[in-house]
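Read-outs: derived from the displayed coordinates by stated rules, not from any lab. As the structure is a computational prediction, the values presented were derived from the model and not from experiment. Cβ coordinates were reconstructed from backbone atoms using ideal geometry, including for glycine residues, and neighbour counts include every protein chain displayed.
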Amino acid sequence: MRYISTRGGSPSVSFFDALLTGLAPDGGLYVPESWPHLSAEQIRAAATAPYADTAAAILSLFAGQDLTMKEAIGLTEEAYGGQWANPGVTPVQQVGPGDYILELFHGPSLAFKDIAMQLLAGLYSLALERRDARLAIVCATSGDTGGAAVEALKETDRVDLFVLMPKGRVSDVQRRFMTASGGDNVHALNIDGDFDTAQALVKSMFADKAFAKEVALSPVNSINWARIMAQSVYYVVASAALSAAGPVNFTVPSGNFGDALAGYVAKMIGAPIGRIMIATNANDGIAKAFETGTYAKSTASLATLSPAMDISVASNFERIVFEALGRDAAVLKKLYDGFAQSGSFDIPAPALAMLKQHFDAFGVDDQETRWALADCYEQTGEVLCPHTAVGWRARFGED
């Protein structure tokens, strides 16, 4: 399995190269050269198999010759073992006729990012040991990613972790996960600005190729392909378990578009998935793009009740636009070069039509989020986090 850049100006690389470098030298994001496929039997087995087994099957698909199946199984069994509060890792809970909540909060930091981070820790260790190398991992966080990265990597050999968090824009619990881990290799930094400021700093570090090479820089945000791959597993597991009546639709709270993209990846490798609803908060650039055909960056991200989604530029949107363009890297590069200058681009009509074949999008403000929190509690007795409430409003609220 080889990986190519969305912008077409870099040579293809191996899975471990994509893992360790994160961004392509031309500024693009790595994607698989072609989509591998799970067999029908593997999909059926995912409904009842241990989570680690399905994760190993998917990891083996995307890692290619970089991992043996034995190594893949060892990594996933370590990643999805006793540190999880639920042995199913990502169980589903029924909340209505034909409606379920996919529970992604049973990991060490209580954030859905744990699901990928626990696997990435093992992948980094193995790749760096093979190469006798050390890595500086830099992470921009709106809250969840930083805590999950710290919990996964705080004792990892050969890794130094630097977390950039926007001052005053993460919860106290999230801040403590990042600042009180006790890991000697963890460095949590407050920055002035918002998540987009932090993400821009990370991208500027990678743009300085001499610096990135000197310190062996790698990202752990969802611009790293391995994050998307790891998150695709729970879509395969959930859809396999719930697809008796047909393809399963998902509503996905979305900020950087990584989780919704993981659902698309699962669909591409064979999972029985129908439509994917992208539920944004008031930072609704993606929702507006589906409505108007223009993807535009706002001047600054808005502070909302769902802070982990307070993002005005969704990095992973580039990957799905690449797919929608029929993988035409030249057109993609032209669009994003223009975006860097003007802050917007028009999605070509055929590409927008392709996106609408797979996705819907819906923006939710704080008032609607409050409604969703109350509605879910009244209907089910369950207390949602405000990010999940954004998804609840998109799924159940009246227009």
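Counting only residues at least eight positions apart within a chain, or on another chain, the aspartates and glutamates with an alpha carbon under 13 Å from that of K203 are D26. Taking amide hydrogens as placed 1.01 Å from N in the peptide plane, the amide H of R7 sits under 5 Å from those of G28, L29, each at least 5 positions away in sequence or on another chain. Dipole magnitude for the stretch 281-399: computed about the Cα centre from +1 point charges on Lys and Arg Cβ and -1 point charges on Asp and Glu Cβ, it is near 520 debye. For the stretch 134-215, the Cβ-based charge dipole about the Cα centre amounts to some 100 debye (Lys, Arg positive; Asp, Glu negative; other atoms uncharged). Size descriptors for the stretch 300-399, from the alpha-carbon set: Rg then Dmax equal 17.0, 51 Å.
In the stretch 173-215, if the dipole is taken from +1 on Lys/Arg beta carbons and -1 on Asp/Glu beta carbons about the Cα centre, which of G182, A210, A200 is farthest to the positive end? It is G182, whose Cα lies furthest towards the positive end. Between T68, T369, T156, the residue with the greatest mean-square fluctuation in the GNM of the chain (Cα pairs under 10 Å linked by springs) is T68. Reported to the nearest whole Å, the Cα centre-to-centre distance from the stretch 329-359 to the stretch 1-40 is 20. Sequence-distant contacts, meaning Cα pairs under 8 Å at least 6 residues apart, place the relative contact order of the chain at 15 percent. Taking every Cα-Cα distance in the stretch 348-399 and sorting them into 10 Å bins from zero, the calculated P(r) comes out as 25, 40, 22, 12, 2 percent. Using the rule -39500 (n - 2.57) for each DSSP H run of four or more residues, divided by the residues of the chain, the 222 nm mean residue ellipticity is -14500 deg cm²/dmol. Across the stretch 152-169, rounded Karplus estimates of 3J(HN,Hα) from the backbone phi angles (6.51 cos²θ - 1.76 cosθ + 1.60, θ = phi - 60°) give 7, 10, 5, 10, 7, 5, 6, 10, 10, 10, 10, 10, 9, 10, x, 4, x, 10 Hz, Gly and Pro being marked x. Only aspartates and glutamates eight or more places from K356 in sequence, or on another chain, were considered; those with a Cα closer than 18 Å are D259, D284, E291, E318, E323, D346. One way to sum up the overall shape of the stretch 7-79 is the equivalent ellipsoid from its Cα gyration tensor, whose semi-axes run 27, 14, 9 Å, largest first. Within the shell defined by Cβ-Cβ distances under 13 Å, the residues around P219 carry a net charge of +2, with Lys and Arg each +1 and Asp and Glu each -1. This ranking places H387, H358 by how few other beta-carbon atoms lie within 10 Å of each, fewest first, which gives H358, H387. Amide H contacts for M277 (H built 1.01 Å from N in the peptide plane; partners 5 or more residues away or on another chain; cut-off under 5 Å): F250, T251, V252, D360. Looking at the stretch 99-129, the chymotrypsin sites (Phe, Trp or Tyr not before Pro) that sit in a DSSP loop and have at most 16 other Cβ atoms within 10 Å of their own Cβ are F105. When only the Cβ of Lys, Arg, Asp and Glu is charged (+1, +1, -1, -1), the dipole of the chain relative to its Cα centre reaches about 760 debye. Partners of K167 within straight-line reach, counting aspartates and glutamates whose Cα lies under 17 Å from its Cα and excluding those fewer than 8 residues away in the same chain: D144, D192, D194, D196, D310. Scaled against the 2.2 N^0.38 Å expected of a compact globular protein of N residues, the Cα radius of gyration of the chain reads 0.91. Derived from the Cα gyration tensor, the three semi-axes of the equivalent ellipsoid of the stretch 134-215 are 20, 18, 8 Å, largest first.
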